[in-house]
Amino acid sequence: MAARDGRASVNRAMADGRATSPELGDRDGPRDECGVFGLYAPGHEVSRLSYFALYALQHRGQESAGIAAADRGGQIITRRELGLVNQVFSENDLRTLAGELAIGHVRYSTTGSNAWENSQPVQRSEGTNGSRREVALAHNGNLINAVELHDELLERGVTFSSTSDSEIIAALIATHPAELVEDAIAEVLPRLHGAFSTVVMTKDRVVAFRDPHGLRPLSLGVLKPLEDDPDSRVRYCVASESCAFDIIGARFLRDVEPGEVVTLGEEGLQSRMVAPGARRAFCVFEYIYFARPDSRINDRVLQVARGRMGEILWREAPVEADLVIAVPDSGNPAARGLARAAGLPQDDGFVKNRYVARTFIAPGQELRKHGLRLKFNPLPDVIAGQRLIVVDDSIVRGNTTRQIVQMLRDAGAAEIHLRISAPPIKHPCHYGIDMSTREEMIAHGRTTAEVAAELGCDSLHYLSLDGVYEAVGSTRETHCDACFTGDYPLAGSDGAAGKYSLEEGNSPLPLVGAQP
Ligand code: SF4
């Protein structure tokens, strides 16, 4: 019981935001969305493979984690909880989740509160055509027609146990009369508007599908046959990012196509294109910030693309300087690229406490004034008297950047030239990223010179949008860049409902803490 109580208090700390406060958590940048994983692999330890895949996807969501597993034809068992992957699952949990197929999820809330009810995988069991359909579902993205679909389902008498749009997708699929789950998905998919990279599990297969615009990533991988089983067959897995395959010894095969439905099951891999031909709108911010640098998306390894962004930053805005430093870790690849292009030395200007996000003790009044020092400690011996180029990937509200500039000044920097490997963020995201409101964004309604004055730096340059596309070797026509430009690629996005739109009074769910 003691362990359970301890876990509950940790989860409360996560749930009430202490663990993501500016002192303890990550920067005040955009919040990553979610990560999904799924595999069909009889003979393999599916829950353990799912655990480590989620561990690799942890950067995409730190509020909750969950795994659903099943034996072919048996029961679906789900374990989900508020907290980080390594806090949520014990060895015993993984043993209980034994099976031949599994899906998993890590969450940062984009529709619905950070409450246990909204953690995933969502599990639903509905009667259809005289039989029951049981599904577990994990979703990355955001539906822009969630309220409309929710109202329709309520009218049909469907009840919900959460306020996330993911349960709407699960309910639509579980209540559909089609015999095959793939047929149900093929009918439901065109009714969903917005971003959805989704994995669904029944008792005998895993089905993954991606929205017709391909807003969020979804990759397909192949597991090696088991060495100690000569009859073992090639098995497949899906994940938000290919870094999840590396950690479990799987090989990246290809991206799931926008509008495609893939089935992982006894027959191996099957695919059908359900919604072809829509305007592609992959999130350009995945290349800049969200995805891990070792992931491969649209045939690009992001570490390389981000280094190229740094090179182009230098070409666009060279400046007399002595030293290049990164805001760790997000600014590292672009700083390396910029230093390479400039022929300038690069060094660590800060030491980062890598464990700070796992501290659940609030800093209190006395320590609060030291703010970001709990996370970044500047190195005066490196910085003092130097004309610095400081590289970071993005600025949203600017609170953290302002503190970083002040810390560098206090450490004796002679000049501070900020270089940001993204354009100014001026508009909210309706496709699964929590970005603050327009009014909170420092670049909204301000010129670059005004933002530089607000931050207290000597100069500021944001990478141009053309520079971003040059770095990733692609064009605007196939991407979404709405948070920079305000050009939302999906009709109806401006009227999209907010994060708490499915909650009574549109305010967060009351916190319920950990569940047994
Ligand atoms: Fe990505 Fe920005 Fe588009 Fe959202 S608005 S999908 S963060 S590019």
Query raised in the report: Take the residues of segment 243-255 that are in contact with a strand residue (DSSP E or B) (Cβ under 7 Å, 6 or more places away or on another chain) and among the aliphatic types (A, V, I, L, M): which is nearest to the ligand (Cβ to nearest atom)?
Result: Ala244
Query raised in the report: Is it the case that segment 61-77 has a residue that's over 22 Å from Val262 (Cβ atoms) and modelled with pLDDT of 95 or more?
Result: yes
Requested in this report: Run Asp347 past the list (1) away from the ligand (no atom under 16 Å from the Cβ); (2) at pLDDT 95 or above; (3) under 30 Å from Val234 (Cα atoms) and report the number of the one that doesn't hold.
Outcome: (3)
Query raised in the report: Can you tell me which residue in segment 274-292 is surrounded by the fewest Cβ atoms within 10 Å (Cβ to Cβ), limited to those that are of a type in the set (D, E, K, R) and within 15 Å of the ligand (Cβ to nearest atom)?
Result: Arg279
Query raised in the report: Of these, Arg315, Arg373, which one is charged (D, E, K, R), out of contact with any strand residue (DSSP E or B) (no Cβ under 9 Å at 6 or more places or on another chain), at pLDDT 95 or above and not in a loop (DSSP other than H, G, I, E, B)?
Result: Arg315
Query - Total residues in segment 411-448, condition open to solvent by 40 Å² or more (accessible area, probe 1.4 Å) and touching an Asp or Glu at 6+ places or on another chain (Cβ under 6 Å) - result: 1
Query raised in the report: What do you reckon, is Pro258 more than 21 Å from His139 (Cα to Cα) and either modelled with pLDDT under 95 or within 16 Å of the ligand (Cβ to nearest atom) (or both)?
Result: no
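Provide a single number: the residues in segment 199-210 that are away from the ligand (no atom under 16 Å from the Cβ) and in a strand (DSSP E or B). Show your work before the answer.
Step one: filter segment 199-210 for residues away from the ligand (no atom under 16 Å from the Cβ), giving 199-209.
Of the ones still in play, those that are also in a strand (DSSP E or B) are 199-201, 206-209.
Of the residues in segment 199-210, 7 are away from the ligand (no atom under 16 Å from the Cβ) and in a strand (DSSP E or B).
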Report task. Give me the pairs, please: first residue somewhere in segment 421-439 and without any contact (Cβ under 8 Å) to a residue 24 or more places away in the chain, second residue anywhere and in a loop (DSSP other than H, G, I, E, B) and not acidic (Asp, Glu), beta-carbon distance under 6 Å, and either six or more positions apart or on two chains. Result -> Arg438/His444
Query - Identity of the residue in segment 414-468, of a type in the set (Asp, Glu) and under 18 Å from Val319 (Cα atoms), that ends up nearest to the ligand (Cβ to nearest atom) - result: Asp458
Requested in this report: Please enumerate the residues belonging to segment 62-99 that are under 24 Å from the mean Cα position of the chain (by Cα) and among the hydrophobic types (A, V, I, L, M, F, W, C).
Outcome: Ala65, Ile67, Ala68, Ala69, Leu82, Leu84, Val85, Val88, Phe89, Leu94
Query raised in the report: Picking from Ser240, Ser295, Ser271, which residue would you name as being of a type in the set (S, T, N, Q) and away from the ligand (no atom under 16 Å from the Cβ)?
Result: Ser271
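The values are calculated or read from the model by the stated rules, or taken from the named source; none is laboratory data. Nothing here was measured: the structure is a model prediction, and the numbers come from that model. With ideal geometry, Cβ positions are generated from the backbone for all residues, glycine too; neighbour counts draw on all protein chains shown. For accessibility, only protein heavy atoms count, side chains too; no ligands or nucleic acids. Shrake-Rupley method; radii C 1.70, N 1.55, O 1.52, S 1.80 Å.
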